[in-house]
Every structure is written in structure tokens, then in C-alpha cells.
Amino acid sequence: MSLFSFSIPQNITFGRGSLDKIPEAVSRMKASKAFIVSGPHLSKAGLVEKVASKLKEAGIPSESFTETEGNPSTDTVEKAAEGFKASGADMIVAFGGGSPLDVAKAVAVVGTCGGNITDYEGVGMVPGPVVPMIAIPTTAGTGSEVTSFSVITDHSRNYKLTVGSKYLLPAEVILDPDLISTVPEKTAAYCGVDAMVHALESYISLASSPFSDMCALQALELIGNNIRAYVADRTDQHAAEGMLLGSLCAGIAFSHARLGDVHAMSHPVSAFFDVPHGLANAVILPTVVEFNAAEDNGKYYEIYKRVAQIAVSKDTFTPSMLVNELKALNKSLGIPNSLSKVGVDERMFEAMAVDAMKSGNIAVNPRKTTEKEIINLYRLAY
Ligand SMILES: [Zn+2]
């Protein structure tokens, strides 16, 4: 066993109705005014207003920015950061799916340290602490509430840049399963598979540890158990709880063990063709799982048991059973089976592979991967 360390520095509150715990969480943050970063749907649904009223209960006035889009851009970060600075707020509420959480983290950096978010691209480039954040996810999920990463699209170069820093970790997290009961079916499917990919990739990552494995396996169990029921009926409370908890565990796993080729390859798909993150991952997943089978270190069997929810003996298991199970799961969730069906143009594969190779996730993928192999994997997934 190699040396490993772990840290989960946040206060995490989980459970139905935990949105009511906002005043308690905020009281620990010692702030005087909040800036809420959210999305247009949550604003229209009156939920941003609900969060604002909970802040008010704690004596915290707030302003909000609700214009985050899917695959949020550097321009959006700039706009939101201007709003944050003008507001005079000293804390940020990240409220929504992966996009508002990514934007909120980027705003915290730019709002505190100045400049543009591109100045902080890479890992460890944020010079010091940023304004404290409370994260309240409304999808299950990106796990962004417990990760030190923000991913922002730079349209000037069709590139999804990553800012990674321990200072991006929200101080407080509230996970209320009631919040994910109104998610549209497609979003539930994309986000659910994304969370499963987080668990799967971190579990087979070269940077995995007994601690991250524990979280990843728990996540696979919870997601395997609940994803079909949750996507079919988002008001199924038991399934929603399982998915939100699974997404949290997967987030903790990959914040320690990172990811792999699926995420390295999906970011260019989203950056070039504006394909939702979870959908891009889901479509690429079976191809990469097949590619990695030669280096699965016996872990595919553990994944299969949890995703397929079938008892099977180790002797009769083959990696192709997992590949087929993942294809079947995608199909049952209404996810297309090829990149050609989600608007990807094969003429861009070489440029996409160059960007995929820049991802830090390539280095921890269990099977060593070259640029040529990435191009080939794009072809196979096409
Ligand atoms: Zn992801």
C-alpha cells in the first residue's frame, strides 16, 4: 500500500429539509452579506428567493447572479464577478447544478484575487484564501460541493480550463434531497451517469487509495441501486436520497484520486460542441472502459456487482460484461450510443485529442494513453 492522505475540511449537512439549516451554516461563516450564484431555472422556480429568505433569517442580506449557462464561460465568470464586487458581499452561496457551482468558485477567486479566471488556470495557482462559500447542489451530481476544482469554458480557444486549489473548497455544504426532485428527466440521467463515472474513474485511478476506494465503492453501490428509479421518477424520495449521497461520495473519491480518460476526453467534446458534461461522459464511457480492461487490476468485477446489482461469481466474470452493462444502462436512460448522435464532428478529433492530453486525468488513467490512442478512442466512440 502506498502512502496516502485525505482531508474533508467542510461542514456537510445532509437530509430532506436541510435547506432550513442555512441560517446555522451561515452563522459559522462570520459574514455580513451574501452573493448568490445560481441559474435561470432556479430563479424562475422561486428557489433563489427561498435561499435569500433563509439568509435573511440569519440576518444576512443578499444579492444574486442567476445567468449561469451549461458549460459556463469565462465571460459569464467576468460578469458575475463584477456583480459580486459591486455588491460588497463577503461570502458566496453556490446554488444549483455543476455550472453555478463552477462559476461561484471562479467568482470567489477573481472577486478576491483580481484579474481574470484564466490567470489561475492549472493546479495550485490561486495565491491564498478566497471569500468563504456555502455550496447547495440541486443535481446529483457533479460532486463539485466537495472538490477543489472549477471548470470554465474559454470560447476563444474552444477549451475547458480547470482551476484547482484547496482554497476553492466550500466551507459549508448543504445537501437537501428535496431540491433534486424537480430536475428534468434528461438532466437527471446525465448528472447521474456523471456521478457514476466519477466513482468509477476514481476507483480505477492510479492515484486511488484505500480511503478514496471506500468512498468510490459506496458511491457505486448507491448510484447502481438508485439511478434507474431516480431517473424514472425524480420524486422518488428514497432514490433521490441515494443519488445525492452517492454523488457526494463520488465527489469525495475523485477529489482525492482524480479521474481518467473519460473526463480527459469529454471536456473537449463539451468545449467544441457544447455537449452537456454528463452526456459527453456517458457516451464515451463504454469505449474507455473497454480500453482500460487490460489494466483493471481486478476492480471491474467490484464495479460490475454494484452497477448491475447482480450477484455473479468472480470466475464467470469478464470485463465485457461491465462494458455491456454500461451500454445497457445508457440505453435504459435514453442516452445516445455514439458521439455522432450528439453533434460531434469527426474532423475535430485531432484538435480535441491535443486538448484531452493536457488534462491531468490522463496521467492517472490506469492504462497509459497516447494522443494517437485518444484519437482512436474518439473514432471508436463515434
Ligand atoms: Zn464529471
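The values are calculated or read from the model by the stated rules, or taken from the named source; none is laboratory data. Since the model is a prediction, treat every value here as computed from it, not as a measurement. FYI the Cβ positions are ideal-geometry reconstructions off the backbone, even for glycines, and counts take in every protein chain you see. Ligands, DNA and RNA are excluded from the accessible area calculation, which covers all protein heavy atoms including side chains. Shrake-Rupley method; radii C 1.70, N 1.55, O 1.52, S 1.80 Å.
Assorted remarks:
- Rounded to the nearest 20, the size of the Cβ-charge dipole of segment 9-157 about its Cα centre is 500 debye, with Lys and Arg at +1 and Asp and Glu at -1.
- Amide H contacts of residue 96 (H built 1.01 Å from N, in plane; Pro and chain starts excluded): 136, 138 sit under 5 Å, all sequence-distant by 5 or more or on other chains.
- For segment 92-234, a crude dipole built from +1 on the beta carbon of Lys and Arg and -1 on the beta carbon of Asp and Glu, taken about the Cα centre, is about 220 debye to the nearest 20.
- Ellipticity estimate at 222 nm from DSSP helix runs (n ≥ 4, -39,500 (n - 2.57)) divided over the chain, nearest 500: -16000 deg cm²/dmol
- Shape call, segment 272-382: gyration tensor on alpha carbons, a/c limit 1.5: oblate
- Helical segments meeting 27 Å axial Cα length and Kyte-Doolittle -1.0 threshold in the chain (DSSP H): 185-204, 210-232, 237-257
- Shape parameters for the chain, alpha-carbon atoms, Rg then Dmax in Å: 19.6, 63
- Cα gyration tensor category, rounded, prolate or oblate, for segment 130-281 with a/c compared to 1.5: rounded
- Charge-dipole axis of the chain as Lys and Arg at +1 and Asp and Glu at -1 on Cβ define it, positive-most pick from 1, 343, 95: 1
- Here the calculated FRET efficiency for residue 370 and residue 320, from their Cβ-Cβ distance with R0 = 35 Å, stands at 0.90, rounded to the nearest 0.05.
- Per residue accessible area of the chain, 1.4 Å probe, in Å²: 39 Å²
- Ligands, DNA and RNA left out, the 1.4 Å accessible surface of the chain is 51% carbon and sulfur atoms.
- Value of Rg/Rh across segment 41-138 [Cα atoms, Kirkwood radius]: 0.95
- Computed over protein heavy atoms with a 1.4 angstrom probe, the accessible surface ordering of 103, 130, largest first, is 130, 103.
- Solvent-accessible ranking of 159, 300, largest area first, probe 1.4 Å: 159, 300
- Mean Cα-pair separation over length for the chain, i.e. relative contact order, pairs under 8 Å, 6 or more apart, %: 15 percent
- For the set 354, 110, the ranking by accessible area, highest first and with no ligand, DNA or RNA atoms included, is 354, 110 under a 1.4 Å probe.
- Computing FRET efficiency as 1/(1 + (r/R0)^6) for residue 4 and residue 49, where r is the C-beta to C-beta distance and R0 is 51 Å, gives about 0.70.
- Debye, to nearest 20: dipole size of the chain, +1 on Lys, Arg Cβ, -1 on Asp, Glu Cβ: 240 debye
- Residue 377 sits among other residues whose Cβ lies under 12 Å from its own Cβ, and their net charge, with Lys and Arg +1 and Asp and Glu -1, is -1.
- Options 159, 19, 138, ranked by Cα towards positive dipole end of segment 11-179, top entry (Cβ charges): 19
- Violating pairs (Cα-Cα greater than 25 angstrom) within the set 105/327; 305/327; 105/358; 30/56; 79/160: 105/327
- Distant-in-sequence amide H partners of residue 71 (H built 1.01 Å from N, under 5 Å): 277
- All Cα pairs of segment 183-381, percent lying beyond 23 Å: 38 percent
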